[in-house]
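Enquirer: For reference, the structure I am asking about is given below.
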Amino acid sequence: MQTKIKNTKLFLAAIFVLCTGSQLFSYGGNTAIAPLLTAVGGYEFYSLVAPLGATGMMIALPAVAALGRKIGSKTVLFLGAFLMLFGRVGMQFANSVFTIGLFNFLGSFGSGFVITAPFVMIGTAFERSASMKYYGYIATFNAIGSLIGPPLAGMLVDANLPRISFLLWIPLYAFSLIAIGMLYPNSKSQSKEKFDVTGWLYLAIMVFAFVMWTGLSGKVFPWLSFGLLLPVAVAVFAWLLVRHSGRIANPTVPIRVFQYKRFRTAFFSNCCVVVFSTCASGYLLNYLLYVMNTSATLGSTTTIPSTIVITILGLFLGKILAKNFVKNVRTMTIIGSLCTFGALLCFALLQPTSSILQVWIGSALGGVGNAISQTCLTPYFQYGLPKEEYGTAQGMYQFSSTCMATIFVAVVGVLVGLTGDLKYVFYTGLVMTVINVIICVTSVRIRPEEVIETAASK
C-alpha cells in the first residue's frame, strides 16, 4: 500500500534539497577535518579520526531498514538529522583529537540514516516507474552538492573558517525537515520481524576494535604491546558475526548472499573501485595541501572532474548496456577498471612541483571508472539472482563501499605513519586497481547457457 503525500511537488523538493545538503555536509567535512586536526596539534591522528566517519556510516546502514519498519521512516530520518546536527555543531567547538573524532563519528552515524531514508520514503510514496525516475533525480542533486561542497569548504578553510563548513547545510535541512515532517505520514510496518541487535553489536565492536588498533598503535601504545588484544578481538567478533548470521533468518550482515558467485565478484570489484573515491576525497587533498602547497580552494576542486564525468556518463551508459547487456558488460567493466588504474597512476606519479592539471586528469579518469562500475555491477550480480534476494544483495553491495572505505583509510594511515610519505596511499590504491583489472578480465562474464536458464525461469 502506497503512502499518501499531501503535496507531492513540495515533498519532492524537500527530498532533493535534503540530498544536496547531505553532500555539502559530507564533502565539506572531508575538506575541513585535516585543518581542524592541524589546529589542535593532532594531524598524526588523521588515520584514526577519518575512519571514524566511515565507521559511523558503516554501523548505521544495516540498521536503517529494520528501524524504519519498527518506528517509521520519518522517525529514522529525524533521528539521523538530530545526530548529524549534534555531531556537526560539536565539531565547531571541538578542541581536541578525541572530541573531533567523537563528533565526526556521531555526525556520520546520523548521516547513514539521512542518506538512506529518502529512498525508502520515495519507494513507499510512488509507483515503481515514478520512483525509479526520482531516484535518478536524487543522483543529480547529490552531484550538485558534490560540486558545490568541496570548493565552498576550501574557500572557508583558506579564510581560516574551517569549522563553518560543518554548518553550511543547516538552513537547507531546516527547510527539508519541516516540509517532510508536515507532508509525510510516519507509517510503520505491521511485520513482527525483529531487529538483529546481537549481529549489529558484533559488527560495531569488530569495526571499532580494528579502527582503534590501526589508529592508535605506534602513537598511543607500541605495536607489540597489549594493543595486540584489539586484532584478536576483531578476529573473535568476526567469527561470532559469521556464525550468528548463518543461524537466523534476517541477520544484520546476511552472509548467505556470498554463495552466489556473481555477487562475490561484484562485491570485491566494488571494494577495489571505492579505493579511488577514498583516495580522491581525503588523502589526495592532504597531499595537495601539505606537499604541493596548493590553496584549500584549489585543492578542493579535485573531485569536480570526477563528479561531472559521473553525472554525464550516467545518462548514456544505461542505454548502451540495455542494447546487449550480456555481451557488453564484460568489456565495459574492463574499460572502467583500466580507467580507475589510470587515475591512481596519475596520483602515484605526483610530485611537489606537479601541475593541478595532472590531478584533474586523474579525477576525470576515476569518474569514468566509477560511472561504469555503478552502472554495470548492480545489474550484473542481479542477473540470474533469485528475485527475493535482490534487496538483501543490494544492501550488502552498498555495505561493501563503507566497509572498504573504513579498512582502506585505517590501513594506509598506518603506512603513512610508518613511512611519513603520503604517496603510499596512492601506491596501495594502485595495487587494488590492478586486482580489480584481474577480477574484471577473469570473472565478469555471463555465459550463454545462463541466459537460457534465466529466460526459462521467467
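Bear in mind that the values in this text are calculations on the coordinates, not laboratory data. These numbers come from a predicted model, not from an experiment. Positions of Cβ are backbone-derived with ideal geometry, glycine not excepted, and every protein chain shown enters the neighbour counts.
Enquirer: Placing +1 at every Lys and Arg Cβ and -1 at every Asp and Glu Cβ, with all other atoms neutral, what dipole size does the chain have around its Cα centre, in debye to the nearest 20?
Expert: Using Cβ point charges on Lys, Arg, Asp and Glu, the chain gives about 1280 debye.
Enquirer: Follow-up question, since we're still on this one. With +1 on the Cβ of every Lys and Arg and -1 on the Cβ of every Asp and Glu, and nothing else charged, how large is the dipole of the range 265-423 about its Cα centre, in debye rounded to the nearest 20? Don't skip to the answer; put the middle values down first.
Expert: Details: 6 positive and 3 negative charges, 86 e Å.
With only Lys, Arg, Asp and Glu charged at Cβ, the dipole is about 420 debye.
Enquirer: For the range 256-458, report the convex hull volume of the alpha-carbon atoms normalised per residue, in Å³, without decimals.
Expert: Here the figure is 115 Å³ per residue.
Enquirer: Would you compute, for the Cα atoms of the chain, the largest minus smallest coordinate along each principal axis and list the three values in descending order, in whole Å?
Expert: 60, 51, 46
Enquirer: From the gyration tensor of the Cα coordinates in the range 197-247, what semi-axes in whole Å does the equivalent ellipsoid have, largest first, with each one equal to sqrt(5λ)? Each step should come with its number before you reach the end.
Expert: Numbers: eigenvalues 122, 19, 6 Å².
Ellipsoid half-lengths, sorted descending, are 25, 10, 6 Å.
Enquirer: Placing one identical point scatterer on every Cα of the range 256-359 and ignoring solvent, what is log10 I(q)/I(0) from the Debye formula at q = 0.20 Å⁻¹?
Expert: -1.09
Enquirer: Right, something else. Give me the dipole magnitude in Debye, nearest 20, for the range 1-115 about the Cα centre, with unit charges on the beta carbon: positive for Lys and Arg, negative for Asp and Glu.
Expert: In total the dipole reaches around 700 debye.
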